[in-house]
Amino acid sequence: GAMIQIEHLTKRYGSFTAVDDVSFTVEPGKVVGFLGPNGAGKSTAMRMLVGLTPATSGRALVHGRPYRLLEQPGRHVGVMLDASAQHPGRTGREVIRLAAIQMGARRGRVDEVLDLVGLTPKESSRRVRNYSLGMRQRLGLAAALVGEPEVLVLDEPANGLDPQGIHWMRTLLRDFADDGGTVLLSSHLLHEVQVIADELVMIGHGRVVAQGSVEELLSGR
Ligand code: ADP
Ligand code: ADP
């Protein structure tokens, strides 16, 4: 069955509908790109998916159950919502150590995951405020991965990455999915998700406007 199930998910702020009756599923082993312009409702939908914002109606399930990031940090779901907001005064390694403690990660996992995202010991000993956007994205991914989750929920993870960085992320997420992991990632840029994702869910003004494999959607079938 589906690892992520989003059913008629809706969020209203007063009379404004930010997410409007959104439904889709993500199967295990898939990398799904959530594509839409800024303001389309991607972050709001993802925040509802991880339980940081209550839905007005509808529901979002991970592994058949509602997920609450703040009550169940890390174990099954790795989340990266805004990489730029993370702890500017700490070193990269400290950020990952804290995440490892919070998520009950196994010994040795901090160095393993820093290596996995390509942050060198020298880089991970620098303070996050001195990181480039690309390094922050790598660090955010390391934080999301440190608990060895089955599911990754990543909001704009490719933001600010150069083509090489996008290719690197594709390889990392593809390997994660090939090991049975499930990935939902958002982007406002087709070229980013087109390279990284197997399937796309396209959203505009809070509504799903198209979904299918990247090939299907790009060939216009
Ligand atoms: P995206 O992630 O696709 O850029 P968001 O989910 O951040 O879009 O925002 C969707 C819409 O909801 C935007 O118009 C945004 O201004 C609005 N919005 C988001 N959060 C709130 C809020 N707390 N109160 C009112 N409007 C909000
Ligand atoms: P604070 O008490 O500082 O608000 P939070 O628990 O809200 O701490 O988390 C701070 C940041 O860490 C948030 O941006 C959140 O998205 C991220 N975070 C928390 N738990 C996880 C997790 N399990 N996986 C990935 N990121 C997480």
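Rg then Dmax, both in Å and based on the Cα atoms of region 113-221: 14.9, 49. If you roll a 1.4 angstrom probe over the protein chains with everything in place, what fraction of the accessible area of the chain belongs to carbon and sulfur, to the nearest %? Carbon-and-sulfur percentage of accessible area, whole number: 49. When the Debye formula is applied to the Cα atoms of the chain, each taken as the same point scatterer, what base-10 log of I(q)/I(0) results at q = 0.16 Å⁻¹? With one equal scatterer per Cα and no solvent, log10 I(q)/I(0) is -1.08.
Per residue, region 10-111 exposes an accessible area of 52 Å² to a 1.4 Å probe, with every protein chain left in place. Glu71 contributes about 140 Å² of solvent-accessible surface, heavy atoms of the protein only, 1.4 Å probe. A simple count of charges around His191, restricted to other residues whose Cβ falls under 14 Å of its Cβ and scoring Lys, Arg +1 and Asp, Glu -1, yields -2. Under the simplified labelling scheme, the Thr17-Asn130 pair shows an inter-label distance of 5.0 nm, with each label point 7 Å from Cα along Cα→Cβ. Taken one residue at a time, the phi angles of region 173-181 give Karplus couplings (6.51, -1.76, 1.60, θ = phi - 60°) of 6, 5, 4, 4, 5, 5, 8, x, x Hz. Gly and Pro are set to x.
Ser43 contributes about 50 Å² of solvent-accessible surface, heavy atoms of the protein only, 1.4 Å probe. Taking a ≥ b ≥ c as the square roots of the eigenvalues of the Cα gyration tensor, an a/c ratio of 1.5 or more together with a/b no larger than b/c marks region 113-169 as oblate. Around the amide H of Lys30, modelled in the peptide plane, lie the amide H atoms of Val183, all under 5 Å away and 5 or more residues distant in sequence or on another chain.
Histogrammed with a bin width of 5 Å, the alpha carbon distances of region 1-60 distribute as 4, 18, 29, 27, 15, 5, 1, 0 percent, first bin at zero. Can you give the accessible area of Leu9, probe radius 1.4 Å, in Å² rounded to 10? Here the accessible area works out near 0 Å².
The values are calculated or read from the model by the stated rules, or taken from the named source; none is laboratory data. Computed from a predicted structure; not experimentally measured. When we count neighbours, we look across all protein chains shown, and the Cβ atoms used for this are built from the backbone with ideal geometry, even at glycine. Just so you know, the surface numbers come from the protein's heavy atoms only, side chains and all, with ligands and any DNA or RNA stripped out. Shrake-Rupley method; radii C 1.70, N 1.55, O 1.52, S 1.80 Å.
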